[in-house]
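See structure below.
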Amino acid sequence: MAEIQITNMSKIYGNGMTAVDDLTLHIRDGEFLVLVGPSGCGKSTILRMIAGLKSISSGELRIGDRVVNDLEPKERDIAMVFQSYALYPHMTVAENIGFPLRLEKRSPSEIETRVKAAAETLELSAYLDRKPSQLSGGQRQRVAMGRAIVRQPSVYLLDEPLSNLDAKLRDATRAEMVDLQARLGVTTVYVTHDQVEAMTMGDRVAVMKDGTLQQCAAPRELYSRPANQFVAGFIGTPAMNFIPAEIRGDAILAGDHAFPLPAELSPAIGTLPDGHVTLGIRPEHLSIGPDGIPAEVVAVEELGFEAIVRVSFAGAGAHDQLIVRAGGETEITRGETVRIGFGEKIHVFDANGQRLGEMN
Amino acid sequence: MNPTNRRIRTALYAFGIFWGLVIVLPFFWLATLSVKSRLDAFATPPKLLFTPTFEAYREVFTDSDFLSAIMNSLIVSTGAVVLSLVIAIPAAFALRNLTGPIRHNALLTILLIRMVPGMVYLLPYFVIYGRLDLIDTRIGLIIVHLIFNVPLIIWMLTPIWRAIPRDLAEAARVDGATPLQTLLLVDLPLLKGGILASSVLAFIFSWNEFLFALVLTRRDVVTLPVAIVNFLAFEGTEWGKIAAASMFIVIPAIVFGFFVRRYMIAGLTGGAVKG
Amino acid sequence: MIVLTILPLIFSITLSMTSLSYSSLSGPRFVWFENYVDLLSDDRFLRSLWQSGILIFGPLVFQLIFGFCLALVMNERLPGLGWLRVIFIVPMFFPPIVMGLMWKVLFTPQLGGINHYLGAIGIDGPQWLSNPSSALTAIVIAAVWGWTPFVTIMFYTAMQTFPKDLYEAARIDGATWSEQIRFVTLPLLRDTAVVVIVFRIMEGLAIFPIIYVMTNGGPAGSTETTNYYAFISGFEFLQVGYASAIILSFLAILVAILAPSTGFLLRGAESDGDAA
């Protein structure tokens, strides 16, 4: 078992492109850490740098108590599951799982025992003699997992391991993987672009954008106290609503609507040069009711247990629509005018997108 | 289908059959010549019914020059294939790992090297071999065959190799394989088919090669294509024998070629064709 | 490979600027471009260029037309013609020397019977290989037989990659079968046709063994191509320097004709390789 300590790590390519910029991140022993972000944010690069498949341009990477910057992947005591699974097509399931052990020059009997144990854990025992081409997508995914766990490494690196599964299987496998990781207790770094996966699987989630770490926190914390506007918008579906606003004395003006400025926000807002802010409101913190700002319903997505209502907010211009999460039994129809109630929880971001605080 | 289209299709159909006959009949004629007696061979009108005789084959296979030509052809072709593989496999491996303009230029260079007419290479080789005493040696002949066989094998293997996902090599590296182990345990098993097919094609090209063998051999290492021409020169009227010897060269080439025909295009054009 | 190919090429250029001749008693001198200047007034060289042109482009025309038709035959999967797909490609594996011998047999009176059967349908066949114009025709026929399969397979392979949707869309748009060929197949084949033409021009003189056994360049030099002339000069007259100048001049002409299309070839190789 091992912790991973990343200090000021960067990846700069020969053409000057910075893929990872000055990353500092501490992954605790036994933790399930998810790296999430849009494509091209550098999350896969980080994983490959930890694996040793990509070189580290600057900074330090420790696994356990060793600096591993210049070690070959096999010396880092890690195992990796690839997005494509990267199963060797010419080897059987047993040979695939046993391949790392074979390279470690383990005895055939030891390999057999350990492969069988791994296959048992992953319910692959019946398929040991098959070739990857004869397996279903879910089985292939488990073989890839098997190749990782058979080595009993101190770190698992998982690169979007569920993205090639269909939606139903993905949900089931998600839970199985979390359970497996908890049982084995091995430090795990998991890369995904899917924020639902990130939120449901990670002990902590690190959100990346353009090679820079935005925030690393537990899922609930990310959701309720996003560090900036990017994290706020990235986490949660439907996405958070953003409304441009202005500070006028003791009030925040958004369109025709004025909110009293909470006292605890005053110090932060006092430092702003021009008083422009962005308000962030999650769809569930807006309500449709008797009071509030009039808005026209543009679309209603009925999901059964709830309805996603898209309204055009008169004051904020035609393209500024708000998304409201309403109960499942609403009778709202397109074209209707409703009243939108603000107030439950409003995040305030400055012009650079940094979170200043919230209003309740 | 309208009448015009039907007529065109009928014409195509007829042309297909016609061409099938155009391919088969000359070959058939040569084959019959090899089992005709000399009298039947020159009969006018041509005899379609005759008593086959295997005399020509007997003569060919008791001709010591021909037997030594068989040996030479086998050794030179096999040697050329083996040596080509030794050079081409690492080269294809390097090309797989190269990217961008370097790879394009390398591929184009290899393509152009192969397209240069043989006669261009032959003259300098003739002079150099004269100095190095390599004329009329098997190794000399094997070396010139590399000019054509190495590009052929590189072309055929590079696309197959690139089709193997890069993830596999990375997975092997994470699993603890050295680059050599990755090559031996992961890449080569997956390339087996391609290597076999390109070897067979290279073998056929070496087996069929005439120009270099004609100029760079004298007596000791004459290969089959040159041996046949020698029949023509020294035993001008022995058509039965020439036909029998021809059958002996052509049939293995066709039989082996049949198994690798799917790869033929890549081998001939070096991936200059899309798809 | 560089040692095996580039260095000999450079050496060949050097050779072409010397008077190296194994039939002359004086040692080789460095003569700069004298050999090339001599070539300009060498009628045999100029004639060989003309004959090379005939023997490259003559067969090419037929190879393209026949190759296209045969590719259509293969692609249409006409009933009862499946076996032809195997037959069509047989000449690709034929040793050229055997191809030459086979056609020599066929064109030799008495032995081949071509004239006998031509006579049966009322055509009085010429003395094929002993008459200049018919000897050229005979070699063109042999070259068409031998290298049409290459064109066929290239076209057929390309046709196999054409999306079925296009043909279905064309049918919905009202195109008849022949219109589909004309408006879908032919335009899509253009790239392949360029590649085919480049290869056939560049390797057109690979018919050397055929000429060697069928006519020896004769009669009266009527089938002597430039590489054949270089062969005679280099290995019969043993004027290696002059022969190098002959073949390099020919190579230069080929390159000049084909240079505009090399970028095209490169693009093909590129798209092939960047799939990953």
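The values are calculated or read from the model by the stated rules, or taken from the named source; none is laboratory data. All values reported here derive from a predicted model rather than from experimental measurement. All Cβ positions, even for glycine, are placed from backbone atoms using ideal geometry, and neighbour counts span all protein chains on display.
Would you confirm, using the coordinates I've provided, whether A:Thr200 is within 29 Å of A:Asp65 (Cβ to Cβ) and of a type in the set (Ser, Thr, Tyr)?
no
Only one residue in B:Pro45, B:Pro3, B:Pro26 is within 13 Å of chain C (Cβ to nearest Cβ), buried (at least 16 other Cβ atoms within 10 Å of the Cβ) and either among the polar types (S, T, N, Q) or more than 30 Å from B:Leu157 (Cβ to Cβ) (or both). Which one?
B:Pro26
Here's the yes/no breakdown for (1) under 29 Å from B:Leu185 (Cβ atoms); (2) basic (Lys, Arg); (3) buried (at least 22 other Cβ atoms within 10 Å of the Cβ); (4) over 21 Å from the mean Cα position of the chain (by Cα):
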| site | (1), (2), (3), (4) |
| --- | --- |
| A:Ser10 | no, no, no, no |
| A:Ile56 | yes, no, no, yes |
| A:Gly59 | no, no, no, yes |
| A:Gly64 | yes, no, no, yes |
| A:Asn69 | yes, no, no, yes |
| A:Glu72 | yes, no, no, yes |
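Out of the residues in the range C:77-109 that are in a loop (DSSP other than H, G, I, E, B) and at the interface with chain B (Cβ under 7 Å from one of its Cβ atoms), which is farthest from C:Ile210 (Cα to Cα)?
That would be C:Leu78.
Taking interchain pairs and intrachain pairs at least six residues apart, which have beta carbon atoms under 7 angstrom, with the first residue in the range A:78-89 and under 17 Å from A:Leu135 (Cα atoms) and the second of a type in the set (Phe, Trp, Tyr)?
Cβ pairs passing all conditions: A:Tyr88/A:Phe99.
So, in the range A:19-48, how many residues would count as being in a loop (DSSP other than H, G, I, E, B) and in contact with a helix residue (DSSP H, G or I) (Cβ under 6 Å, 6 or more places away or on another chain)?
Summing the residues that are in a loop (DSSP other than H, G, I, E, B) and in contact with a helix residue (DSSP H, G or I) (Cβ under 6 Å, 6 or more places away or on another chain) in the range A:19-48 gives 1.
Here are C:Gly125, C:Gly112, C:Gly119: which of them is surrounded by fewer than 21 Cβ atoms within 10 Å (Cβ to Cβ), on the phi < 0 side of the Ramachandran plot and not in a helix (DSSP H, G or I)?
The conditions single out C:Gly125.
Can A:Gly30 be described as in contact (Cβ under 8 Å) with a residue 60 or more places away in the chain, surrounded by fewer than 22 Cβ atoms within 10 Å (Cβ to Cβ) and under 22 Å from A:Arg204 (Cβ atoms)? Outline the logic, then answer.
Details: in contact (Cβ under 8 Å) with a residue 60 or more places away in the chain: yes; surrounded by fewer than 22 Cβ atoms within 10 Å (Cβ to Cβ): yes; under 22 Å from A:Arg204 (Cβ atoms): yes.
In short, yes.
Can you find a residue that is more than 11 Å from chain B (Cβ to nearest Cβ), touching a residue at least 12 places away in the same chain (Cβ under 8 Å) and more than 28 Å from C:Ile10 (Cα to Cα) anywhere in the range C:236-258?
Within the range C:236-258, not a single residue is more than 11 Å from chain B (Cβ to nearest Cβ), touching a residue at least 12 places away in the same chain (Cβ under 8 Å) and more than 28 Å from C:Ile10 (Cα to Cα).
Go over the candidates B:Leu188, B:Leu168, B:Leu132 one by one and state the one that is surrounded by fewer than 16 Cβ atoms within 10 Å (Cβ to Cβ), at pLDDT 90 or above and either touching a Lys or Arg at 6+ places or on another chain (Cβ under 8 Å) or within 10 Å of chain A (Cβ to nearest Cβ) (or both).
After applying the criteria, what remains is B:Leu188.
Give the residues of the range C:2-23 that are loosely packed, with under 12 Cβ neighbours inside 10 Å and in contact (Cβ under 8 Å) with a residue 60 or more places away in the chain, sorted by residue number.
Listed by number, the list holds a single entry, C:Ser23.
Considering only residues that are closer than 30 Å to C:Leu118 by Cβ, of a type in the set (Val, Ile, Thr) and either loosely packed, with under 15 Cβ neighbours inside 10 Å or within 14 Å of another protein chain (Cβ to nearest Cβ) (or both), which ones fall in the range B:48-89?
B:Thr51 - this is the single residue of the range B:48-89 that is closer than 30 Å to C:Leu118 by Cβ, of a type in the set (Val, Ile, Thr) and either loosely packed, with under 15 Cβ neighbours inside 10 Å or within 14 Å of another protein chain (Cβ to nearest Cβ) (or both).
Check B:Thr99 against each of (1) away from chain A (no Cβ under 14 Å); (2) farther than 27 Å from C:Arg200 by Cα and name the one condition it does not meet.
Tallying (1) away from chain A (no Cβ under 14 Å); (2) farther than 27 Å from C:Arg200 by Cα, B:Thr99 fails exactly one: (1).
Quick check, is A:Tyr156 within 15 Å of A:Phe82 (Cα to Cα) and not basic (Lys, Arg)?
For A:Tyr156, the condition - within 15 Å of A:Phe82 (Cα to Cα) and not basic (Lys, Arg) - is met.
Can you name the residue in the range A:344-360 that is in contact with a Lys or Arg (Cβ under 8 Å, 6 or more places away or on another chain) and either of a type in the set (A, V, I, L, M, F, W, C) or not in a loop (DSSP other than H, G, I, E, B) (or both) and is also nearest to A:Gln214 (Cα to Cα) among such residues?
Only one residue fits best here, namely A:Arg355.
Scan the range A:92-108 and tell me whether some residue there is closer than 30 Å to A:Asp21 by Cβ and either within 13 Å of chain B (Cβ to nearest Cβ) or exposed (fewer than 15 other Cβ atoms within 10 Å of the Cβ) (or both).
no
Are any of the residues in the range C:140-161 in contact (Cβ under 8 Å) with a residue 12 or more places away in the chain, surrounded by 15 or more Cβ atoms within 10 Å (Cβ to Cβ) and part of a loop (DSSP other than H, G, I, E, B)?
Checked against the condition, which is being in contact (Cβ under 8 Å) with a residue 12 or more places away in the chain, surrounded by 15 or more Cβ atoms within 10 Å (Cβ to Cβ) and part of a loop (DSSP other than H, G, I, E, B), the range C:140-161 yields no hits at all.
Determine which member of the set C:Ala170, C:Ala206 is surrounded by 14 or more Cβ atoms within 10 Å (Cβ to Cβ) and under 30 Å from C:Arg77 (Cβ atoms).
Testing whether each residue is surrounded by 14 or more Cβ atoms within 10 Å (Cβ to Cβ) and under 30 Å from C:Arg77 (Cβ atoms) leaves just C:Ala170.
Within the group C:Phe150, C:Phe183, C:Phe162, which residue is over 25 Å from B:Ala31 (Cα atoms), among the aromatic types (Phe, Trp, Tyr) and within 10 Å of chain B (Cβ to nearest Cβ)? Walk me through it before giving the result.
Numbers: C:Phe150 fails: over 25 Å from B:Ala31 (Cα atoms); C:Phe183 fails: within 10 Å of chain B (Cβ to nearest Cβ).
Among C:Phe150, C:Phe183, C:Phe162, only C:Phe162 is over 25 Å from B:Ala31 (Cα atoms), among the aromatic types (Phe, Trp, Tyr) and within 10 Å of chain B (Cβ to nearest Cβ).
Can you report the number of residues in the range A:49-76 which are in contact with a strand residue (DSSP E or B) (Cβ under 7 Å, 6 or more places away or on another chain) and either under 16 Å from B:Glu170 (Cβ atoms) or part of a loop (DSSP other than H, G, I, E, B) (or both)?
9
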